[in-house]
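Right, one structure below, let's go through it.
The values are calculated or read from the model by the stated rules, or taken from the named source; none is laboratory data. Since we're looking at a predicted model, the values are computed, not measured. Backbone-built Cβ (ideal geometry, glycine too); neighbour counts: all protein chains shown.
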Amino acid sequence: MRDISVPAPVTIYDRILQRIQRQLADRVKTPFEIRLWGGRVYRFGQGEPAVDILVHDRQGLAALGRLDELGICEAYMAGSLDVVGDMLRFVGLRGALSDRHPLDYLWRRLAPWVIGRFTTNRQAIATHYEFDNDFYLEFLDPTRCYSQAVYERDDEPLETAQVRKLDFAIDACGLKPGDRVLDVGGGWGSFTEHAGRRGIQVTALTISHQSEQFLRDLVERIQLPARVLNQDFLMYNSPEPFDAIVILGVMEHLPDYPAVLKRLQHLLKPGGRVYLDASAFREKYVKPTFVSRYIFPGDHSYFCLHDFLAAVAKTPLDVLAVYNDRHSYYLTCKAWAENLEAARDEIVCRWSEALYRRFRLYLWGSAFAFLNRGMEAYRVVLERPREAAAH
């Protein structure tokens, strides 16, 4: 009697995964596996898989089947998907996904006009920064600086590279004991403490209540020559101009460059300098929907260097220096992501699995964007001339 093999019936799951395979066939360089509940395994790409994507339920499979970046991120945050293996290579798969959410983009552009820029800024800052301060301290280094470090070697500690950046900011502004400096977006006091310990008088601005309390406690505990104000930079006035203004990782929240430059000139004394650093993108207001919905909502926009310099060119301010820190920001985000993963149990216990997963996607995704040249990072030094140019 002849043995006739009967092929297993093709399920709806097989059809979904086959469609994914067809659409990704020529677009994915990282080999990976998708493992469904029940044991079915589908392999993509050539070579040993660097990533396993574990699908726990139908919601996770549906998200994968749509090949939509936002949907996959949401399924991962909800626990319908898990990732085992190289997280940097997993987030690198996003280049093969779609991210078309025009209503999200439209609302981001309209919100500052409908609600008001200052209200939008406060709401956006609260969304990202009003978690317990301890959450951020789980993955930041002891300087508590939440923008790019400046590395000289890939293998040096993050803290070493962050101290180098803070020293650079002070030196670039020519600050000395007794000078007055405005710290825009004081965060967790990295610059306020670093400069204050040198006898530099710091006025730290913040619109985050968590940050404000942290800064006030820091200033009182160490007895720093500093004061803390809960005020929006664009609405702040000072009776006396400053010797320098520093803006560490805050330009992303200040996309109205003419308004920013007008404020800088108003608050800076002749001969005073501005130091700023920021993550950057070549197209203003372009960012992944996941980032705009879950990480930086509202009027947040990655720094656009050419737009900023074009605006500077219409002012008396001089551009003294521009530095490209793309690789340093990759190393910074990689270090933050590794710190986050090392603190996973503590974060999940104190806050939630969903928050851990949200920031895991964000930090590894940012690291890949800098590594893959999808994003840029800059330090910029400006100066207000001592005398207006003659015409």
Original post:
Taking region 221-233 on its own, how many of its residues are in a helix (DSSP H, G or I) and modelled with pLDDT under 95?
Top reply: 0
Subject >> Flag for Phe214 being touching a residue at least 60 places away in the same chain (Cβ under 8 Å), more than 21 Å from Leu382 (Cα to Cα), part of a helix (DSSP H, G or I) and out of contact with any Asp or Glu (no Cβ under 8 Å at 6 or more places or on another chain) >> reply: yes
Subject >> Residues located in region 71-100, provided they are closer than 16 Å to Leu355 by Cβ, of a type outside the set (A, V, I, L, M, F, W, C) and under 21 Å from the mean Cα position of the chain (by Cα) >> reply: Glu74, Tyr76
Original post:
Does Phe308 count as under 27 Å from Tyr151 (Cα atoms) and in the same structural domain as Leu248 (by TED's automatic domain parsing)?
Top reply: yes
**OP:** Find the helices (runs of 4 or more DSSP H) located wholly in region 276-391 whose residues include 3 or more that are under 25 Å from Leu97 (Cα atoms) and at pLDDT 95 or above, and list them.
**Re:** 326-342, 353-371
Original post:
Is there any pair linking a residue in region 217-244 that is closer than 24 Å to Glu383 by Cβ to one that is at pLDDT below 95, with Cβ under 7 Å and at least six apart or on different chains, and which?
Top reply: Phe233/Leu254
Subject >> From Tyr76, Tyr42, residue being at pLDDT 95 or above and among the aromatic types (Phe, Trp, Tyr) >> reply: Tyr76
Original post:
Restricting attention to region 26-42, which residues are surrounded by fewer than 16 Cβ atoms within 10 Å (Cβ to Cβ), out of contact with any Phe, Trp or Tyr (no Cβ under 8 Å at 6 or more places or on another chain) and of a type outside the set (Val, Ile, Thr)?
Top reply: Asp26, Arg27, Lys29, Trp37, Gly38, Gly39
